[in-house]
Amino acid sequence: MKNEENLAYFLNEAKTIKTGSLEKKLRVAFLASFTINGFEETMRVKCKKKKIECMTYVGDYNQYNQEILENDSKFYRFKPELTFLILDVRHILGELFFYPYSLSVSEREDFVKNKIREITNLIRMIIKNSGSRVILTELQIPTYSPYGISDQNEKVGVKEIVREINIGIKHEVKDELLISILDFNQFIQRYGEQNIFNYNQFFSGDIKISIEYIPKFVDEMMRYVTAITGTTKKCIVLDLDNTLWGGVVGEDGFENIKLGDDPIGRSFVEFQKRLLALNQRGIILAINSKNNFDDAIKVVKEHPNMILREENFGCIKINWNDKVTNLYEISRELNIGLDSFVFFDDDPINREFIKKQLEQVLVIDLPSDSAKFAHVLTEMNVFESLKITDEDVKRKDMYLGQRKRVEFEHKIGDINEFLKQMNIQVTIKEADNFLVPRISQLTLKTNQFNLTTKRYQQEQISSFSDDKNYVVECIEVSDKFGNNGITGAYIIKKKETEWIIDTFLLSCRIIGRGVEDAMLSQLIERAKRENIKKIKGEFIPTAKNKPAENFYKEFGFKEEENFWVFDTEQTIKKVEHIKMVKNE
Amino acid sequence: MSKKLYDIVSKVFNVNLDRINDDSSPENLEEWDSFNFYVLLDEIENEFDVKFDLDETLEIKKIGDIKKLFVKYGIRCE
């Protein structure tokens, strides 16, 4: 294992972290039934690398029950946003771990039911007392039974006891927004029980995840941090020659590149299939290749074994420009920040170039062996979302539409004429159970056109929308090239004579078409109908929201102390080229 | 002759190399605690490709004791 990956490195590195310098912050608590030294240090270091300041609380050794049950415990006073509850199978099963058949079948069934109830009650208690999101580590399924091969024939055998507890809990909590289950058995399958569990460490210090594998386990935990903090990656930028196929098309020719029918060719097909699956769940793909356009695009369009086709790419740059220039262009055309990009290129020189020039981009150190490409991709864990929404799945089509829009804009030339011909329709939708996850996702991910950049988890959005004093709505934008999906949202606090804009945001791919003005106009007109005198909004500057800086001013808001204020008697901007529809 | 071992101890306990000798123990090295001792063992086992028995690890009271184990396992640690 490399030095930067072992626990000694993380323990020492954690001592050097200074607090207070990073914008993103997260409070994480660890409650466990065994020794988890090293977990919090490793997580703080890994968070720092993602530019997140992680503050941690580690519960006392095996005191999780008391800490959860006492509503004034140190754990609750810490005010966690994210809590990892790590219970291990030996602890939960107790003596039953060794002597599962000391109980009768019906006693074992009762045991399973009781444990499901106990554990789900604990999780619900945490949420009730703290509002923290809870990640429960599922129990490890034992690989040994005193009954040997006949354990499989037993009714409620030892493995089944554990499996049933895991499934039972998962079933109980599946509709709860704040609970996720960490798939511990998948972790063990990947690295092997004999590596993860070290008897010497266990007997010496009740260490149940071996020291060597603690950093790997924290990687699993980090997937939740990625999803919650919205630091997930959105786009994979790919080279072509020796990255998506073997060989160089310009030299070897269309017929001789390796793709499909030989061992090397199969490795590229496998890689492409993994990429296509990510594309289907909403990760954008783009090409950044130094090549003769006609040679390279012919492979993409016509090669019989090509898996990824033109329509799978949201942006295609095949030219002789340098890769940094191309990446900037891709970022601009897709309207995605550079820190949301992953860069795949077989050429180490290109990689170094990007690393040096664009340090926000995640550059993958591809091994020279193409057989490992698919594996590198599936081990990355940077495309994380707690729930895949319909918008995610539809996103690839939206970016395809976006590509066509850009082409149409170039063709028309005049911006006003272009907007007129686009037939833009904006549909206002009130938040409901289906829309809450998407609205939350928008608040977490939208950086540029975001007036206040307040980040809200699903349950916070839910509670706003249940509150009569709030308006929580989102907008769906469509035009002649298709539906852009739910791409804007706002949260309004209603007071007697004024409305306060808590949140107002628009996804970057919609900016510049007048949608933001149309959204605000209908809101103000509505306020006026309800006899509201004033609309108040705030602009909270961040490193990224400059595009929204002058929005209120240009709309006609007047500055008053820290707020921008619009008097509903003023003339309200009309956006002629957009048709507004209210979905009741 | 103990450079490689001392290097590992220095790295894991995050202390200067010149503070480490065969008599280093939890008594004179406050950075040595019960948990990072396991981290040290794990590093040593990986680095020298050896696995100590539980009772052997319990016998380690100072760095010199690790060298005794090296002799037992025929490990040279120049």
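The values are calculated or read from the model by the stated rules, or taken from the named source; none is laboratory data. Since we're looking at a predicted model, the values are computed, not measured. Virtual Cβ from ideal backbone geometry, glycine too; neighbours counted across all protein chains shown.
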Practice item. Could you please find all residues in segment A:265-309 being surrounded by fewer than 18 Cβ atoms within 10 Å (Cβ to Cβ) and touching a Ser or Thr at 6+ places or on another chain (Cβ under 8 Å)? Key: A:274
**Study point:** Every residue from segment B:58-70 that is within 14 Å of chain A (Cβ to nearest Cβ) and surrounded by fewer than 17 Cβ atoms within 10 Å (Cβ to Cβ)
**Key:** B:58, B:59
Exercise for review: Those residues that are within 11 Å of residue B:63 (Cα to Cα) and hydrophobic (A, V, I, L, M, F, W, C), I need them from segment B:16-28; list them, please.
Suggested key: B:20
Practice item. Can you confirm whether segment A:4-23 contains a residue that is more than 14 Å from chain B (Cβ to nearest Cβ) and in a strand (DSSP E or B)? Key: no
Point to revise | Residue under evaluation residue A:214, criteria (1) at pLDDT 95 or above; (2) in a helix (DSSP H, G or I); (3) more than 24 Å from residue B:40 (Cα to Cα), criterion not met | key: (3)
Point to revise | Residues of segment B:1-57 satisfying the condition of being over 21 Å from residue A:38 (Cα atoms), assigned to a helix (DSSP H, G or I), within 11 Å of chain A (Cβ to nearest Cβ) and without any contact (Cβ under 8 Å) to a residue 12 or more places away in the chain | key: B:54, B:55
Revision key, fill the gap. Restricted to segment A:198-223 and to residues being more than 8 Å from chain B (Cβ to nearest Cβ) and of a type in the set (A, V, I, L, M, F, W, C), the residue surrounded by the most Cβ atoms within 10 Å (Cβ to Cβ) is A:209
Study note, to complete from the structure: Counting only residues that are part of a loop (DSSP other than H, G, I, E, B) and surrounded by fewer than 12 Cβ atoms within 10 Å (Cβ to Cβ), segment A:95-117 contains a total of 1
Point to revise | Scope segment A:334-377; condition out of contact with any Cys (no Cβ under 8 Å at 6 or more places or on another chain), assigned to a loop (DSSP other than H, G, I, E, B) and polar (S, T, N, Q); matching residues | key: A:360, A:368
Study note, to complete from the structure: Exactly one of A:250, A:260 is in the same structural domain as residue A:322 (by TED's automatic domain parsing) and part of a loop (DSSP other than H, G, I, E, B), and that residue is A:260
**Study point:** In segment A:184-197, residue farthest from the other protein chains (Cβ to nearest Cβ) [restricted to those that are hydrophobic (A, V, I, L, M, F, W, C) and in contact (Cβ under 8 Å) with a residue 40 or more places away in the chain]
**Key:** A:184
Practice item. Output the number of the condition that residue A:504 fails; it satisfies all remaining conditions of (1) among the aromatic types (Phe, Trp, Tyr); (2) more than 22 Å from residue A:445 (Cα to Cα); (3) modelled with pLDDT of 95 or more. Key: (2)
Check your understanding: Which one of the conditions (1) under 28 Å from the mean Cα position of the chain (by Cα); (2) not in a loop (DSSP other than H, G, I, E, B) does residue A:564 fail to meet, given that it meets all the rest?
Key -> (1)
Point to revise | Test for residue A:242: is it touching a residue at least 60 places away in the same chain (Cβ under 8 Å), farther than 30 Å from residue A:54 by Cβ and either more than 14 Å from every other protein chain (Cβ to nearest Cβ) or within 23 Å of the chain's Cα centre (by Cα) (or both) | key: yes
Review point. Based on what the data block shows, is residue A:181 part of a strand (DSSP E or B), away from every other protein chain (no Cβ under 14 Å) and either touching a residue at least 40 places away in the same chain (Cβ under 8 Å) or at negative phi (or both)?
Key: yes
Check your understanding: Which of the residues belonging to segment A:324-338 are charged (D, E, K, R) and either free of Cβ contacts under 8 Å to residues at least 40 places away in the same chain or in the same structural domain as residue A:545 (by TED's automatic domain parsing) (or both)?
Key -> A:329, A:332
Practice item. Identify all residues within segment A:10-33 that are modelled with pLDDT of 95 or more and of a type outside the set (A, V, I, L, M); write none if there are none. Key: A:10, A:27, A:30, A:33
